[in-house]
Amino acid sequence: MTQTRKKKIGLIGGGQIGGNLALIAVQKNLGDVVLFDIPAAEGLVKGKALDINQLSAVDGYDCRVTGTTDWKDVAGSDVIIITAGVPRKPGMSREDLLDINLKIMRDVAANIKTHAPGAFVINVANPLDAMVFALQKISELPKHMVVGMAGVLDTSRFKCFVAEALGCSIRDVEALVLGGHGDDMVPLVRHTTVGGVPLTELLAQDKLDAIVKRTREGGAELVGLYKTGSAYFAPASSAISMAESFLLDRKRILPAAALLEGQYGINGYFFGVPVQIGAGGVEKILTPKLDESEKAALEKSFQSVKKTVDSVKL
Ligand code: LMR
């Protein structure tokens, strides 16, 4: 019998998303999980690890969670998901988090470089496109091993609102949201199909506009409801789908913030586009054919991302 090594998943940040990531990872039997946070949060990560291990005994999952404040425990991770950082509160933009989260990212990226340079790293911290840029620059990890999670989340929100509006199963909605993880993101309405039928034939323009707006403001809607933090269930599931595609070499086509080198006319910036994720990390970047208005919307989104990224002092 061939023995395969159990995979290791490092989760940096033991907050709401981190706890959910750990839970979903063991429920999917993806590998052993190390839940890391700073010493002030030691009880939190150790408690969550113990709690989940007790649940996995009930349900019979074979993966274990370790709560730690020591980077050495993260060493050798196959996948790392970063949720460390501060979430926004009502009235704040994601960009308002730049300074505080960049400080945290500097430390996280340097430690990944030291302890887990072979990992596939998924960033969830905001402002997402700028954080993933800083992460790759500081960690110096190969460009195909660093991505930002947002497109999966934004696309999932878009699909959810479409299915709700039509009263149909979300499984039959095929859609894609391109661009930066901000208010200018670009849900590709013209490319969306429901059971093979173009969405534009199923909903009137005012309904489509309302869905696009709600998708763009999807994060803020939850910040307004939670009051003290931001979304955590859907972001965790979204990041796990990317981690799973890497760990199991699924080669899924998922929207992610990837480093563009000329594609879409963009060079040297991370931006949300469809990519193939497999054992090689980002194995391909796809470039769907866009019409003039989609190109213009994407350019607007890129200019917002560029403005934030250009203000990053590494
Ligand atoms: C989200 O979209 O849920 C996250 O980016 C968190 C936020 O601040 O909106």
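In a fully extended conformation the segment linking D99 and T228 would gain 44.5 nm over its present Cα-Cα distance, using 0.36 nm per residue. The Cβ shell under 11 Å around V275 holds other residues with a net charge of +2, Lys and Arg each +1, Asp and Glu each -1.
Once the Cα atoms of helix 205-216 and of the chain are each reduced to a long axis, what angle between those two axes, in degrees from 0 to 90 to the nearest 10, is obtained? It works out to around 20 degrees.
Amide H contacts under 5 Å for K284: Q276, restricted to partners 5 or more places along the chain or on a different chain, H placed in the peptide plane at 1.01 Å from N. Expressed as a whole percent, the accessible area of segment 159-314 that falls on carbon and sulfur atoms is 53 (1.4 Å probe). For the residues G13, G280, G85, a GNM of the chain with alpha-carbon springs under 10 Å puts the largest fluctuation on G280. Counting 0.36 nm for each residue step from K72 to V197 and taking away their Cα separation leaves a gain of 39.9 nm. Within the straight-line cut-off of under 18 Å between alpha carbons, the lysines reachable from K113 are K8, K72, K103, K137, K143, sequence neighbours fewer than 8 places apart in one chain being disregarded.
Cross-link candidates for K295: which lysines have Cα within less than 19 Å, leaving aside residues fewer than 8 places away along the same chain? The reachable lysines, counting only those whose Cα sits under 19 Å from K295, are K213, K306, K307. Rolling a 1.4 angstrom probe over segment 12-98 with all protein chains present gives an accessible area of which 53% lies on carbon and sulfur atoms.
Positive end of the dipole of the chain (Cβ unit charges, origin at the Cα centre): among I253, I266, N29, the Cα lying farthest that way belongs to N29. Counting only the backbone N, which residues of segment 15-29 are under 19 Å from the spot 7 Å out from the Cα of R64 toward its beta-carbon? Residues 22-29 fall inside that zone.
Per-residue accessible area (protein heavy atoms, 1.4 Å probe) orders T69, T200, T4, T308 as T4, T200, T69, T308, starting from the largest. Normalised by the number of residues in the chain, the mean separation of alpha-carbon contacts (under 8 Å, six or more apart) gives a relative contact order of 17 percent. At a probe radius of 1.4 angstrom, the accessible area of segment 8-148 per residue rounds to 39 square angstrom. Residues whose amide H lies under 5 Å from that of G31, counting only those 5 or more places away or on a different chain, are absent; hydrogens are built 1.01 Å from N in the peptide plane. The angle between the Cα long axis of helix 233-247 and the main principal axis of the chain comes to about 70°, on a 0 to 90 degree scale. Against the main long axis of the alpha-carbon atoms of the chain, helix 151-166 sits at an angle near 50°.
A full extension of the chain between A165 and E42 corresponds to an added length of 39.9 nm, given 0.36 nm per residue minus the alpha carbon distance.
The values are calculated or read from the model by the stated rules, or taken from the named source; none is laboratory data. Since the structure is predicted, the reported quantities are computational estimates derived from the model, not experimental observations. Using ideal geometry, Cβ is built from the backbone for each residue, glycine included, and neighbour counts are taken over all protein chains shown. To get the accessible areas, we keep the full protein, side chains included, count just its heavy atoms, and leave off ligands, DNA and RNA. Shrake-Rupley method; radii C 1.70, N 1.55, O 1.52, S 1.80 Å.
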